[in-house]
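This report refers to the structure that appears directly beneath it.
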């Protein structure tokens, strides 16, 4: 039976940790000559209804390193934007390719794609979840020596898709997560409820960034205005005033804490240039790790 990856809760804790281990192994192997090519002759269709830098490049290069081929499909390259049902696109693509990665707006679109496709479907991002990003984040924290079952993470800012995926990861692995969000900008209540149903993490929403950051191992942030929210920019800038990560906030975290951001960053808003370029920044390590952990994911999901 095929497996899809639509959200963090699609994995067990054992599966998640195994993916991270495999991602670290792919990173060690690099793209050197003679490295294994387990997906030789395989093709990944990459559907982009939202623009991307890291998602496209990391999946495309990763698929190439695995010996396969990645096919980029922009909104102009598919009939979905012209009204073709997602399920029809999924069924047709399944006759051609070995896997589908989709980056889109609604989680329901990804779920419909997965239910109709006969090949594995990967969520490259929706407005509700960003699971591949959080896999890379967890791999980065692990690389830096943090125990993923005991660390404390402070998510500062908008309770968006990345925050939702962090909530699921915290409950799956059991670590402490504090989300500092202004009122009205919390993570999805449904995600919070579903993640906590069988989870074991200590997850709480607070209003004070300093409370969240106190003794944290990881400080995490994302842009305050995501794609599709441009008309809300002025309101959001006002709501998130005081929720940026700067040297002062970093000073309240545990000694040796790291700072992460999923990029792109609005320097001077949710994070200062000083922190992003500072010695505790792991921002570009996590960007690189997108490729390595997604290689592990592709190897796991695509039959070979």
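When the residues of the range 204-225 are filtered to those that are in a loop (DSSP other than H, G, I, E, B) and buried (at least 18 other Cβ atoms within 10 Å of the Cβ), the one that is nearest to the chain's Cα centre (by Cα) is 222. Of all the criteria given as (1) touching a residue at least 24 places away in the same chain (Cβ under 8 Å); (2) over 21 Å from residue 53 (Cα atoms), the one not satisfied by residue 123 is (2). Of the residues making up the range 283-296, just one is touching a strand residue (DSSP E or B) at 6+ places or on another chain (Cβ under 7 Å) and either at pLDDT below 95 or surrounded by 24 or more Cβ atoms within 10 Å (Cβ to Cβ) (or both), namely 286. Do we find that residue 238 is exposed (fewer than 13 other Cβ atoms within 10 Å of the Cβ) and either within 25 Å of residue 184 (Cβ to Cβ) or within 20 Å of the chain's Cα centre (by Cα) (or both) in this structure? The answer is yes for residue 238.
Answer yes or no as to whether residue 64 is out of contact with any helix residue (DSSP H, G or I) (no Cβ under 7 Å at 6 or more places or on another chain), surrounded by fewer than 18 Cβ atoms within 10 Å (Cβ to Cβ), at pLDDT 95 or above and more than 19 Å from residue 120 (Cα to Cα). Criteria not met by residue 64. Among the residues of the range 239-258, those that are over 22 Å from residue 161 (Cβ atoms) and in a helix (DSSP H, G or I) comprise 247, 248, 249, 250. Determine if the range 145-152 includes at least one residue that is modelled with pLDDT of 95 or more and buried (at least 24 other Cβ atoms within 10 Å of the Cβ). The answer is no, given that none of the residues of the range 145-152 is modelled with pLDDT of 95 or more and buried (at least 24 other Cβ atoms within 10 Å of the Cβ). Looking across the range 190-203 at every residue that is more than 19 Å from the chain's Cα centre (by Cα) and exposed (fewer than 13 other Cβ atoms within 10 Å of the Cβ), the one that is nearest to residue 166 (Cα to Cα) is identified as 193.
What strands (runs of 3 or more DSSP E) lie completely within the range 1-119 and have 3 or more residues being under 17 Å from the mean Cα position of the chain (by Cα)? It would help to see each step written out before you state the result.
Numbers: elements: 43-48, 69-73, 99-103.
It comes to 43-48, 99-103.
Among the criteria (1) in contact with a helix residue (DSSP H, G or I) (Cβ under 6 Å, 6 or more places away or on another chain); (2) farther than 24 Å from residue 123 by Cα, the one residue 293 does not fulfil is (2). When the residues of the range 259-287 are filtered to those that are in contact (Cβ under 8 Å) with a residue 60 or more places away in the chain and part of a helix (DSSP H, G or I), the one that is farthest from residue 216 (Cα to Cα) is 287.
The values are calculated or read from the model by the stated rules, or taken from the named source; none is laboratory data. Note that the coordinates shown come from a computational prediction; the quantities given were computed from them, not determined experimentally. Glycine also receives a Cβ, built like all others from the backbone with ideal geometry; neighbour counts cover every protein chain displayed.
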